[in-house]
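The values are calculated or read from the model by the stated rules, or taken from the named source; none is laboratory data. All values reported here derive from a predicted model rather than from experimental measurement. Don't worry about glycine lacking a Cβ; one is built from the backbone with ideal geometry, like all the others, and counts go over all protein chains shown. Just so you know, the surface numbers come from the protein's heavy atoms only, side chains and all, with ligands and any DNA or RNA stripped out. Shrake-Rupley method; radii C 1.70, N 1.55, O 1.52, S 1.80 Å.
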Amino acid sequence: GSPSHPDYEHPPKCLMVWGSNMLHTNEGAVTRATVNPILKQGTKLIVVDPHDIDLTKQADIWLRLRPASDGFLAMGLLKVIVDEKLYDQQFVAQWTVGFDKLEEVLKGYTLQQIDDATWVPASQIAEAARLFANSKPAAIQWGNAIDQMIDSFQVCRIVSILRAVTGNLDIPGGEAMPTPAPVLRPADFMLLTTLGRDQSKMIGAEFKLAAKNLFVPRQSLVKAILEEKPYPVKALMTFAVNALLTFPNARETYRALQKLDFLVTSELFMTPSAQMADLVLPAAMNLEFNDLGSYGVGGRLVPRSKVIEPPGEAWSDIKIMNELAKKLGFGQHFWPDVDQAWDTILQPSGLTPEAVRAMGFFEGKGHGYKKYEKGGFRTPSTKVEIYSQQLKDMGYDPLPVFHQPPQSSAEYPLILTNGKPQVFFHSAFRNVPTLRKISPEPEVEIHPDVAGPLGIQDGDMVYLETVTGRIKQRAALNPMLDKRTIIAAADWWFPEREASSLYAWDEANLNVLTPSGPPYDPVVGAVPLRGVPCRVFKA
């Protein structure tokens with residue numbers, strides 16, 4: 001019923017970092033200054049990651065799992081915790097629904113099966129489960145790695161269940177569940193009912209929870225353009241997205257963008273996707289307009305004031321949308337001046353934008369702990385729903401279940417996952433010379449024992465190939481990897497190349513290799529961007 005996040009203000013006794021390179025990526029404003037002090041105070045650290053990220057060097061336990069086997073690993077941890085009765089029995093009895101059904105599911109697994117599926121030794125799974133369950137309080141920091149597989153929704157559920165049954169929800173040093181700031185939410189601005197649209201006919205409607213949240217999976221949009229189902233898409237307007245680099249199956253995305261009658265993008269720089277557009281609108285940069293954003297792990301609202309006027313015809317994205325809506329005849333739903341939007345958003349709080357700017361930040365009051373004891377959780381049962389009747393009513397598994405991740409073969413013997421170069425942000429900033437000096441080109445990490453028989457030496461250019469396509473990156477040998485795993489660099493393009501080639505968008509682009517499905521996550525439409533069978537050979 002609510003999101004949760006580690007309560008770093010009261011250091012946990014054990015922190016499990018799951019699929020999050022949190023010292024180098026934007027994980028809710030968590031930084032070295034957040035993590036290092038709690039580790040120095042004695043917090044035990046469990047890292048779940050196939051990659052030897054910086055935190056693995058400080059970890060008490062490193063679970064080097066097979067990419068995309070996260071659900072099985074969580075099931076193994078829970079099996080140990082339940083079988084050995086290490087869970088919080090009072091919390092489970094009083095505040096959960098369906099624990100008995102989960103116990104039956106867990107009986108169908110052995111630790112050896114989990115070992116085989118995850119490549120993590122059974123003894124290490126048991127050790128991590130005992131450390132986490134016996135440490136009170138404990139918390140889990142997860143990252144977007146678990147959002148990128150065909151069981152993503154259920155993986156997020158089972159990790160959340162792991163948080164709950166160990167009794168760590170809404171306690172100091174556990175999983176904080178802050179009170180949201182009293183402002184209007186994005187859902188309060190949805191106009192589907194007012195404008196009479198049939199939500200069942202939206203693109204991606206088969207992914208019912210995504211549709212409920214008005215989210216269209218990227219590959220669903222691409223397939224709708226190409227196949228003209230459920231209706232033809234003739235024009236597309238994009239904001240803050242470099243689709244050729246960040247959508248799965250990049251060549252399919254390229255064909256879709258080519259097919260459009262009209263493509264418009266709002267951009268700061270000429271990216272490969274912007275180069276394909278019929279019209280590029282100059283975007284204002286972040287200090288050239290007023291903003292109110294949600295930053296940090298607690299839903300804290302932070303105002304950002306305009307410090308300089310945008311040059312020329314540059315507008316903020318929200319101003320472009322506001323003015324376009326008025327031109328299209330929807331002015332009654334928008335604002336005469338876009339800055340008035342902040343007055344509307346803040347209305348429930350009784351505050352003005354000026355007051356919030358003077359405060360520096362704004363957050364919900366009455367944080368407290370164990371708030372569920374006063375009114376329960378925000379679910380139909382008011383309890384943590386391990387067994388979800390809502391999911392069953394939608395036609396989905398009410399308990400977390402998992403499919404075997406894609407298997408390697410003689411043709412594609414390795415398992416591909418990916419990482420972001422530390423100095424860039426997704427596909428942005430490849431055009432900044434100082435950053436390119438630090439990271440001049442994309443690197444794929446390979447175990448030396450795999451590279452040697454293939455004649456690959458450190459620094460060689462190599463091809464990476466999947467059933468979807470082939471790209472080229474530079475080999476970086478890493479003996480810390482599992483020999484069956486390779487880790488490619490994501491989001492690469494080359495602004496120094498010719499515009500006519502779309503800046504070599506397909507030469508090293510990881511998403512040339514990723515599939516656009518099926519299979520999909522049936523609930524939210526996620527596709528397997530990790531755990532993809534591949535092969536590598538010298539270029």
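The residue that is farthest from Glu323 (Cα to Cα), counting only those in the stretch 237-250 that are surrounded by 18 or more Cβ atoms within 10 Å (Cβ to Cβ) and of a type outside the set (Val, Ile, Thr), is Asn249. For Asn36, the conditions (1) crowded, with 20+ Cβ neighbours inside 10 Å; (2) among the polar types (S, T, N, Q); (3) farther than 26 Å from Leu301 by Cβ are fulfilled apart from (1). Filtering the stretch 462-515 to residues that are surrounded by 22 or more Cβ atoms within 10 Å (Cβ to Cβ) and among the polar types (S, T, N, Q) leaves Gln473, Thr485, Asn509, Asn511, Thr514.
Going by what's in this entry, would Val536 be described as at pLDDT 95 or above and over 24 Å from Glu252 (Cα atoms)? When the stated conditions are applied, Val536 does not pass them. What are the residues in the stretch 304-346 that are open to solvent by 50 Å² or more (accessible area, probe 1.4 Å), aliphatic (A, V, I, L, M) and closer than 19 Å to Met237 by Cβ, if any? Ile318, Met321, Leu324, Leu328, listed by residue number. If I ask for residues that are in contact with a Phe, Trp or Tyr (Cβ under 6 Å, 6 or more places away or on another chain) and part of a loop (DSSP other than H, G, I, E, B), which ones from the stretch 315-345 would you list? Matches in the stretch 315-345: Ser316 only. Restricting the stretch 251-268 to residues that are touching a strand residue (DSSP E or B) at 6+ places or on another chain (Cβ under 9 Å) and within 22 Å of Ile471 (Cβ to Cβ) leaves a set whose member that is surrounded by the most Cβ atoms within 10 Å (Cβ to Cβ) is Ala256. Of all residues in the stretch 419-433, those that are assigned to a loop (DSSP other than H, G, I, E, B) and of a type in the set (A, V, I, L, M, F, W, C) total 4. If you check Asp458, Asp482, Asp491 for being within 27 Å of Phe247 (Cβ to Cβ) and in a loop (DSSP other than H, G, I, E, B), only one passes: Asp491. Counting only residues that are assigned to a helix (DSSP H, G or I) and more than 13 Å from the chain's Cα centre (by Cα), the stretch 149-164 holds 9 of them. Among the residues that make up the stretch 138-148, is at least one of them at pLDDT 95 or above, surrounded by fewer than 24 Cβ atoms within 10 Å (Cβ to Cβ) and over 14 Å from the mean Cα position of the chain (by Cα)? Checked the stretch 138-148: no residue is at pLDDT 95 or above, surrounded by fewer than 24 Cβ atoms within 10 Å (Cβ to Cβ) and over 14 Å from the mean Cα position of the chain (by Cα). Taking every residue in the stretch 162-182 that is among the hydroxyl-bearing types (Ser, Thr, Tyr) and pairing it with any residue that is surrounded by fewer than 23 Cβ atoms within 10 Å (Cβ to Cβ), at least 6 positions away or on another chain, the pairs with Cβ-Cβ distances below 7 Å are Thr166/Ile81; Thr166/Tyr87; Thr166/Asp88; Thr179/Gly364; Thr179/Lys365; Thr179/Gly366; Thr179/His367.
Scanning the stretch 362-382 for residues that are under 30 Å from Leu279 (Cα atoms), polar (S, T, N, Q) and modelled with pLDDT of 95 or more turns up nothing.
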